[in-house]
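The values are calculated or read from the model by the stated rules, or taken from the named source; none is laboratory data. On a predicted model such as this, the values are computed, not experimentally measured, just so you know. Cβ atoms come from the backbone with ideal geometry, glycine included; neighbour counts cover every protein chain shown. Surface areas here come from the heavy atoms of the whole protein model, side chains and all, with no ligands, DNA or RNA. Shrake-Rupley method; radii C 1.70, N 1.55, O 1.52, S 1.80 Å.
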Amino acid sequence: MSFESLGLAPALLRALAEQGYAIPTPIQAQAIPLVLAGHDVLGGAQTGTGKTAAFGLPLLQKLAELPKPEGLRRPRVLVLTPTRELAVQITDNLRAYAKHLRINVTSLFGGVGMQPQVEAFRRGVDVLVACPGRLIDHLERGTCKLGDVRMLVLDEADRMLDMGFLPSIKRVMKHVPAQRQTLLFSATFEPRIKALALEFMQDPQQVQVAAQNTVVETIRHHAHPVDAAKKRD
Ligand code: AMP
């Protein structure tokens, strides 16, 4: 299995070769053709499986194939992710994959000033990688418009729900056109994730890879509180 055989464009293949990627990971081999074909995809995969490229490569390819927008470029791809660290990591990866395409990737997270982010929107954004809280701040101020979004990714959806982002996700969804392609990645397909998929996705194709770096079920954890003086014993 090669990246060529998955149907990726030469500009992306070149960037992948420069990154030293030779063989697609299992989630990439499964998800890339489905995303390129335009399906909604429900992906069972954690960080470390190569899921960023699994959604990023086909979305960048589809974005590059869309007609160039006239005037200000508003986000056409939106990636929602729970933490600032993930937002930075995804942005770095997408920029590396898009190195030979004329695509701008911008990240948005809290804990930093709003103004540089407002200026980034004024310069034009193609792919927005955002944490839900700060995105809502911009939506409420009218500094970010999501009416041009064609493709949406809910990354680490289980963690976003754990962190209480469900109301924020629902609010963001009101700003995103219903006519879109939606991808959802989660470590598990527990009922609340299925409910999210049912609400926001259309006929999603399911792909899954074995969880990596999880604790083996036969391992049991015990905690024994001891005085500091007895710790060595
Ligand atoms: P992710 O699960 O997307 O966070 O990716 C985990 C790490 O694997 C990142 O450092 C990626 O750059 C790297 N990676 C992803 N896909 C491949 C691949 N096909 N070959 C080699 N490295 C990869």
Handout entry: Subset of the range 80-110 that is in contact (Cβ under 8 Å) with a residue 60 or more places away in the chain and within 12 Å of the ligand (Cβ to nearest atom) - its residue that is surrounded by the fewest Cβ atoms within 10 Å (Cβ to Cβ)
Key = ALA96
Completion exercise
When every residue in the range 122-148 that is buried (at least 21 other Cβ atoms within 10 Å of the Cβ) and β-branched (Val, Ile, Thr) is compared, the one farthest from the chain's Cα centre (by Cα) is VAL125
Fill in the blank from the handout: Among (1) at pLDDT 95 or above; (2) within 16 Å of the ligand (Cβ to nearest atom); (3) farther than 14 Å from LEU184 by Cα; (4) open to solvent by less than 30 Å² (accessible area, probe 1.4 Å), PRO75 falls short only on (2)
Completion exercise
Among strands (runs of 3 or more DSSP E) entirely within the range 93-201, at least 3 residues that are closer than 25 Å to LEU66 by Cα and touching a Gly at 6+ places or on another chain (Cβ under 9 Å) occur in 181-186
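Mind listing just one residue for me: the one in the range 52-72 that is open to solvent by 10 Å² or more (accessible area, probe 1.4 Å) and within 20 Å of VAL35 (Cβ to Cβ) and, of those, nearest to the chain's Cα centre (by Cα)?
Keep residues of the range 52-72 that are open to solvent by 10 Å² or more (accessible area, probe 1.4 Å), which gives 52, 61-62, 64-72.
Restricting the remaining residues to those that are within 20 Å of VAL35 (Cβ to Cβ) gives 52, 61-62, 64-67.
Values: THR52: 6, GLN61: 15, LYS62: 15, ALA64: 18, GLU65: 20, LEU66: 20, PRO67: 23 Å.
Selected residue: THR52.
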Exercise for the section: Being touching a residue at least 60 places away in the same chain (Cβ under 8 Å) and within 22 Å of GLN89 (Cβ to Cβ) is the filter here, so list the residues in the range 26-41 that pass it. Expected result: PRO26, ILE27, GLN30, ALA31, VAL35, VAL41
Practice task
Quickly run through the range 3-61 and pick out the residues that are near the ligand (Cβ under 7 Å from one of its atoms), under 18 Å from ILE103 (Cβ atoms) and among the β-branched types (Val, Ile, Thr).
Solution key: THR52
